[in-house]
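Working notes, beginning with the structure itself.
The values are calculated or read from the model by the stated rules, or taken from the named source; none is laboratory data. Note that the structure is predicted; figures quoted are calculated from it, not measured. Positions of Cβ are backbone-derived with ideal geometry, glycine not excepted, and every protein chain shown enters the neighbour counts.
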Amino acid sequence: MSDSNVPPILRLPRELRDEIYTHYLKEPDGYIHVPQTNRLRCSNGRPIDLSLMFTCKAIATEMRDIPLSVNTVVFRTSLMGAGDRVKGDDWSSWSDPGRFDFLLDRLHFIREEAFAVAASIYGKLLFTWLPLKESRLQDARYRHGFSLCPSETSLALP
């Protein structure tokens with residue numbers, strides 16, 4: 001390729017071209033992942049402008065790694081911003097992983113609460129009902145004249 005066919009930007013030194021590419025591609029708040037489309041966008045919602053990369057194959061090769069190396073990429077499980085809150089049962093703004101994560105956390109919380117309640121009930125039964133049960137068994141044994149002890153193999157009838 002003769003000098004007249006080379007694009008003017010490629011006549012600049014590589015370090016200067018890299019600075020131009022970085023300035024062109026750098027977004028102040030980086031890129032965000034949009035779960036519905038599974039694509040990256042600028043943090044303000046605009047599509048990423050890569051039109052300079054499509055001018056020629058040499059520029060595309062030089063710019064290949066720059067977009068992701070100069071911008072942070074944010075992945076969220078919800079489409080909401082960091083400070084936004086969910087209103088009521090509005091699941092439409094949540095991505096599938098966001099709903100799954102929320103429901104899984106809720107399931108773990110409910111399971112822990114259920115175990116705590118069950119342990120509390122078991123403790124109350126153990127310390128209140130079992131002594132009463134033993135005393136009732138002894139009362140029945142004396143009243144009816146036979147033993148209800150599990151250690152005895154046969155029941156003694158009067």
Those residues of the range 48-73 which are out of contact with any Pro (no Cβ under 9 Å at 6 or more places or on another chain), of a type in the set (A, V, I, L, M) and exposed (fewer than 14 other Cβ atoms within 10 Å of the Cβ), in sequence order: Ala60, Leu68, Val73
Which of the residues that make up the range 13-27 are exposed (fewer than 12 other Cβ atoms within 10 Å of the Cβ) and either more than 19 Å from Ser51 (Cβ to Cβ) or of a type in the set (Val, Ile, Thr) (or both)? Pro13, Arg14, Glu15, Leu16
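Every residue, every condition in (1) at pLDDT below 85; (2) part of a helix (DSSP H, G or I); (3) touching a Phe, Trp or Tyr at 6+ places or on another chain (Cβ under 9 Å), yes or no:
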position	(1), (2), (3)
His23	no, yes, no
Asp29	no, no, no
Asp49	no, no, yes
Ala58	no, yes, no
Glu62	no, yes, yes
Leu68	no, yes, yes
I'm checking my understanding of the structure. Among residues of the range 81-123 that are at pLDDT below 75 and polar (S, T, N, Q), which one is surrounded by the fewest Cβ atoms within 10 Å (Cβ to Cβ)? Ser92
In the range 31-47, which residue that is out of contact with any helix residue (DSSP H, G or I) (no Cβ under 8 Å at 6 or more places or on another chain) and part of a loop (DSSP other than H, G, I, E, B) is surrounded by the most Cβ atoms within 10 Å (Cβ to Cβ)? Ser43
So which pairs qualify, if the first residue must be in the range 95-123 and within 30 Å of Ile32 (Cβ to Cβ), the second must be loosely packed, with under 10 Cβ neighbours inside 10 Å and modelled with pLDDT under 85, the Cβ gap must be under 8 Å, and the two must be at least 6 apart or on different chains? Ser95/Gln36
Before we move on, is Ser78 of a type in the set (Ser, Thr, Tyr), touching a strand residue (DSSP E or B) at 6+ places or on another chain (Cβ under 6 Å), at pLDDT below 85 and surrounded by 14 or more Cβ atoms within 10 Å (Cβ to Cβ)? yes
